[in-house]
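Report on the following structure.
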């Protein structure tokens with residue numbers, strides 16, 4: 001067992017850096033416990049993530065004053081040996097020079113897991129921040145290991161770390177395993193809501209996570225936070241149009257990207273959607289927006305026609321689909337069935353690749369783009385703000401056509417309903433509300449009447465009455481040119497205009513059936529010419 005007890009060296013406190021945007025993926029896994037009794041399922045999950053009973057575990061007790069008494073060392077390792085872990089090494093120093101010694105940190109180079117015990121988080125950062133030890137802690141994550149901690153070991157996960165204070169926190173720089181997030185522990189038990197809200201108010205780019213004793217969050221796959229045990233409170237700063245948020249929950253999951261995007265947009269102080277939205281108009285080219293459930297021949301043929309015919313160069317973007325993305329998606333087969341001869345498939349989840357000119361070269365000659373169904377947040381994560389997104393827009397601005405079904409429908413609107421990465425039941429998913437904006441001033445929902453989604457759109461319109469709500473049924477599409485939306489396919493579309501209060505007892509939308517049209521600017525149904 002490797003063990004050293006030396007004097008602590010204090011570190012100067014650095015100002016916390018603003019979190020990057022879009023959020024970066026955290027490698028490996030994190031297990032963060034709010035203090036008190038660690039949930040059995042959290043301990044089991046930690047061991048499992050690290051490789052089972054054969055885990056090579058390093059326990060860092062530096063936050064505790066008790067570790068300076070060697071007779072107490074076993075107290076830090078016993079919970080893990082009792083859990084069946086065969087290899088547990090205690091790693092501790094208060095000498096920063098020793099923490100920067102290659103031989104001293106050698107046990108970390110083969111570790112599959114690191115656990116930080118409770119106490120005073122500042123003692124840990126004073127000893128290890130900026131040293132080879134800190135670099136090796138992070139290397140455990142980089143090689144898909146697991147890092148965890150409880151109490152002080154939870155607080156130090158942040159890059160902006162709460163170091164102390166009662167109602168008003170003192171802050172410092174943590175070890176930053178979980179960037180863009182401030183973790184506070186013993187949350188409800190020690191009445192720490194006010195201090196966490198204060199930190200977030202001063203640092204609105206950050207997400208606050210308040211963990212009760214016995215509560216744990218487990219970060220997997222770089223973004224999904226599973227909640228175990230007690231309550232976890234999420235705090236976000238206020239924005240010009242949204243009040244500060246403090247929501248507690250003891251079940252389910254959180255999405256780190258969604259929370260960090262929400263914090264980013266709140267900090268930007270930009271109102272979205274704007275109080276006065278643009279006129280829904282497609283000045284050049286056309287849109288074909290399909291409600292999912294399978295497009296009929298008339299929809300595929302219309303898309304191919306608008307693109308310039310069977311010989312037109314088309315691009316199919318498959319990114320909303322689940323992994324593994326199929327080589328021959330159904331939409332590609334359908335395009336070929338109805339005459340398309342030149343279809344290029346684009347897909348990546350790597351934003352750097354999406355910025356590579358070679359990746360999206362096909363778009364520079366394309367006359368039509370089709371977005372797949374699936375989950376529309378994946379389009380946002382992969383392409384928002386990239387060269388690929390700019391080139392897609394250029395297809396429309398050059399007189400081409402953009403189309404898509406289901407997820408590929410909602411992404412085309414300025415406001416994107418059902419964008420939450422954890423599920424499609426949330427209409428207004430903060431952080432994932434912005435579509436690609438080819439149809440300005442609108443919120444587009446799909447599978448509309450088939451899945452009985454009219455009440456969902458009603459709720460969204462009450463929240464954002466400036467928007468024009470568009471609910472497209474399955475097997476149905478709107479073809480938008482200028483400010484006119486023509487309905488084609490087998491069913492109908494509901495258009496919601498809440499700028500004036502709907503009449504009680506009457507439908508709050510205008511129903512437009514196939515073969516009919518709607519004036520998006522005037523927000524009225526186009527009456528057939530006599």
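Here, each number is a calculation from the coordinates, and none is a lab measurement. Just so it is clear, the model here is predicted, and its values are computed rather than measured. Here the Cβ is made from the backbone with ideal geometry for all residues, glycine too, and neighbour counts use every protein chain on show.
So the values come out like this:
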read-out	value
Full-extension gain in nm, residue 451 to residue 268, via 0.36 nm per residue minus C-alpha separation	62.3 nm
Segment 363-511: equivalent-ellipsoid semi-axes (sqrt of 5 x gyration tensor eigenvalues, Cα, Å)	25, 17, 14
Three-way shape label, segment 9-168, alpha-carbon gyration tensor, a/c 1.5	rounded
Value at 222 nm in deg cm²/dmol, rounded to 500, when DSSP H runs of n ≥ 4 in the chain each add -39,500 (n - 2.57)	-6500 deg cm²/dmol
Ranked by how many other beta carbons lie within 10 Å on average, peptides 421-427, 497-503, 131-137, 28-34 from highest	28-34, 131-137, 421-427, 497-503
C-alpha center-to-center spacing [segment 301-374, segment 104-164] in angstrom	45
DSSP-defined beta bridges in the chain - what % are antiparallel, rounded to 5	55
Spin-label pair residue 397/residue 500, simplified geometry with 7 Å Cα→Cβ offset, distance in nm	3.7
Residues residue 387 and residue 333, FRET efficiency given R0 of 30 Å [Cβ-Cβ distance, rounded to 0.05]	0.60
Antiparallel content of DSSP bridges confined to segment 71-197, in %, to 5	45
Model label zone, residue 65; criterion: amide N under 17 Å from point 7 Å along Cα-to-beta-carbon; scope segment 77-101	94
Estimated inter-spin distance, residue 109 and residue 525, nm [label 7 Å along Cα→Cβ]	7.6
Difference of contour (0.36 nm per residue) and Cα-Cα distance, residue 54 to residue 350	103.2 nm
Inter-site label distance for residue 170 and residue 101 at 7 Å from Cα along Cβ, in nm	3.0
Degrees, to the nearest 10: 132-142 long Cα axis against longest axis of the chain	40
Share, in percent, of DSSP beta bridges within segment 29-267 that are antiparallel, nearest 5	55
